[in-house]
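Have a look at the structure below before the remarks.
Readers should treat all values here as calculations from the given coordinates under stated rules, not as data from a laboratory. If you're wondering where the values come from, they're calculated on a predicted model, not measured in any experiment. Using ideal geometry, Cβ is built from the backbone for each residue, glycine included, and neighbour counts are taken over all protein chains shown.
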Amino acid sequence: MGSTPAVGTLNKIWKLVALMEYLSIFIFGLIFAFVGIPILQIISDLLFTWCEVVKSKASVVITEANADINRLNAEFSEVNTDVIGFQAPDDVEYVYEDEEEDCCRENLNKKIGF
């Protein structure tokens, strides 16, 4: 009992159908890779941008409140620099070791006449 030609043809058709299924999955994968992923990326970018806008609105409110606080502090606080025992620092010239040598050389050069 051999196989009839109809059974062989059916097997070939089923193999062709399976191959078409794999080919259709491959084509849908390519379409998704070239079209679907960029669309999903654009949607995620829009969502992240919306989140940043919400955060920036909160930052603006906080900045305005800080500006009001600083303005009120400037209005109500008195600046008084007259303090008992306050002494302004003298304008003392600090001489470092390297500068001492240069200073002495300059004085020596002045004495010698260079």
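For the pair Phe76 and Leu46, label points projected 7 Å from Cα toward Cβ lie 4.8 nm apart.
Modelled spin-label separation between Glu64 and Ile37, with each label point placed 7 Å from Cα along the Cα-to-Cβ direction: 4.4 nm. Considering only Val61, Leu10, Tyr22, the residue lying farthest towards the positive end of the dipole of segment 7-78 is Leu10, judged by Cα position with unit charges set on Cβ.
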